[in-house]
Amino acid sequence: MTGLSAEASAGGREAADSAAEALDTLAKNGKSFYWASRLLGRRMAADAAELYSFCRLLDDIADGDADGGKDRLSAIRNQLLILNDRAMPEEVDPALARYLSVMRRCAIPVMPMIHLLDGLLLDQSPMLVEDEAELVKYAYHVAGAVGLLMCPVLGCRDRAAFCFAVDMGIAMQLTNIARDILEDAHLGRRYLPQSWCGPLTPQEIISCSADPDTASYQAVQAAADRLLMLADRYYESGRAGLGYLPFRARIGIAVAGQVYRRIGVRLRARGLSWGDGRVVTSAAEKLSASVTALTQVNTGKRFVHNQNLHQPIADLMAEAMR
C-alpha cells in the first residue's frame with residue numbers, strides 16, 4: 001500500500017469511527033431522532049448524527065455536563081463568527097474542528113449555529129420567560145435554528161422550505177419544555193411564560209409539584225396545556241413543509257415529528273400531571289406514531305408558510321436567511 005493510499009485509508013477509518021460515535025450518541029441521547037434516522041439512508045443518517053452530536057455537546061457544556069461552561073461556549077461562538085466571515089480562526093475548539101468536516105461537506109450555514117449558541121448562552125443565566133413571544137424566540141434559538149442546519153444535511157436547499165423546518169424544531173422544543181417542567185425548575189429555569197402562569201419561581205414550582213390540589217400546580221398544568229396547543233400549531237406547519245424534502249428525508253422527518261409529538265399526547269393522557277416526572281414513549285408507541293406518520297406524510301404538495309408564526313423571530317430569520 002502506498003503512503004497516499006494508506007493515508008486515505010486511515011482518513012476513511014477515522015471518518016467511519018466519527019460517524020459511528022455520533023450515531024451512538026444519537027442512540028443514547030436522542031432516541032426519537034435515532035428511531036427516525038434509520039429511514040434516511042446511511043450517509044444522510046451519519047451526517048445528521050454528526051450535527052446532532054455537536055449540538056448535543058454544546059448543550060452539555062451549557063448544562064455543566066461537559067468541560068468549559070460559558071467561556072467555552074463564547075469562544076466557540078467567536079470562532080463561528082470568524083468562519084461566517086469566510087476566514088479561519090487561529091484556534092479552533094476541538095469539538096468545532098470535528099464538526100467542520102460535515103459542515104463543509106453539506107454546506108451547512110454558520111449563522112443558525114451562532115443563533116443556537118446564543119440560546120445556550122441564555123441558559124447560563126436564570127431563565128424566567130415573560131410572554132409567548134419570548135418563549136417562541138427561545139425555542140427558535142435552541143431548536144428552530146437546528147431545523148435550518150438540518151436542511152442541507154437532508155438535501156434540501158429550497159429557501160421556501162426553511163420556515164417550515166424552523167417550525168418543526170420549535171414544536172419539538174415546546175414539547176421538551178412541557179415534558180421537563182419540573183426538571184427545568186430544579187435547574188432554576190421556568191420556560192412557561194409568566195403571562196400564562198403568573199410569576200411563579202422555579203422553587204415555587206418545585207414546592208407545589210407534589211400537590212395537584214394547589215392553585216400553583218393547576219396554573220402550571222393550564223400553562224402546560226397551552227404550551228402543547230401552541231406546539232401543535234408549529235407541528236402542523238412543520239408537517240406542511242415536508243413536501244420540500246427529498247423522499248427519504250421526508251419520510252424520516254415525518255416520523256421524527258410524529259414520534260416527538262406523541263410525548264405531548266402521553267402527557268395529556270395522564271392528565272397533564274407534570275409533577276409526576278418526565279414522560280417517555282415506549283418502542284410500541286414509537287412504532288404506532290411511525291405508522292401514523294407514514295399514512296399522513298405530505299407526498300410532495302407545497303404550501304405557503306403562515307408568517308404569523310414567525311412574528312417573534314422575524315429579525316432572526318432575516319439574519320439567518322442572508
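Condition check ((1) assigned to a helix (DSSP H, G or I); (2) open to solvent by 40 Å² or more (accessible area, probe 1.4 Å)) across all residues:
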site: P212; (1), (2): no, yes
site: Y217; (1), (2): yes, no
site: Q221; (1), (2): yes, yes
site: A224; (1), (2): yes, no
site: L227; (1), (2): yes, no
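Give the residue that is nearest to the chain's Cα centre (by Cα), with candidates limited to residues of region 105-145 that are outside any loop (DSSP other than H, G, I, E, B) and small (G, A, S).
Top of the filtered list is A143.
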Inset, instruction - Please list, ordered by first then second residue, the pairs with beta carbon atoms under 8 Å, 6 or more apart or interchain, first in region 68-87 and at negative phi, second open to solvent by 40 Å² or more (accessible area, probe 1.4 Å) and β-branched (V, I, T). - result: Q79/V92
Inset, instruction - Could you check region 244-322 for helices (runs of 4 or more DSSP H) lying wholly inside it with 1 or more residues that are touching a strand residue (DSSP E or B) at 6+ places or on another chain (Cβ under 8 Å), surrounded by fewer than 21 Cβ atoms within 10 Å (Cβ to Cβ) and among the basic types (K, R)? - result: none
Legend entry - Qualifying residues in region 193-210 (those that are part of a helix (DSSP H, G or I) and among the hydrophobic types (A, V, I, L, M, F, W, C)) - the one surrounded by the fewest Cβ atoms within 10 Å (Cβ to Cβ): I206
Inset, instruction - For region 62-79, indicate whether the set of residues that are in a helix (DSSP H, G or I), crowded, with 22+ Cβ neighbours inside 10 Å and under 16 Å from the mean Cα position of the chain (by Cα) is non-empty. - result: yes
Inset, instruction - Name every residue in region 294-312 that is modelled with pLDDT of 85 or more and not polar (S, T, N, Q), in order of residue number. - result: F303, V304, H305, L309, H310, P312
Legend entry - Residues that are over 19 Å from A143 (Cβ atoms), touching a helix residue (DSSP H, G or I) at 6+ places or on another chain (Cβ under 9 Å) and of a type in the set (G, A, S), drawn from region 96-124: S101, A107
Inset, instruction - Quick one: in region 93-136, of everything that is of a type in the set (D, E, K, R) and over 21 Å from S195 (Cα atoms), which residue is most open to solvent (accessible area, probe 1.4 Å)? - result: R104
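The values are calculated or read from the model by the stated rules, or taken from the named source; none is laboratory data. These numbers were taken from a predicted model, which means no experiment stands behind them. Because the Cβ atoms are built from the backbone with ideal geometry, glycine has one as well, and the counts that use them run over all protein chains shown. Please note that ligands, DNA and RNA were not included when accessible areas were found on the heavy atoms of the full protein model with its side chains. Shrake-Rupley method; radii C 1.70, N 1.55, O 1.52, S 1.80 Å.
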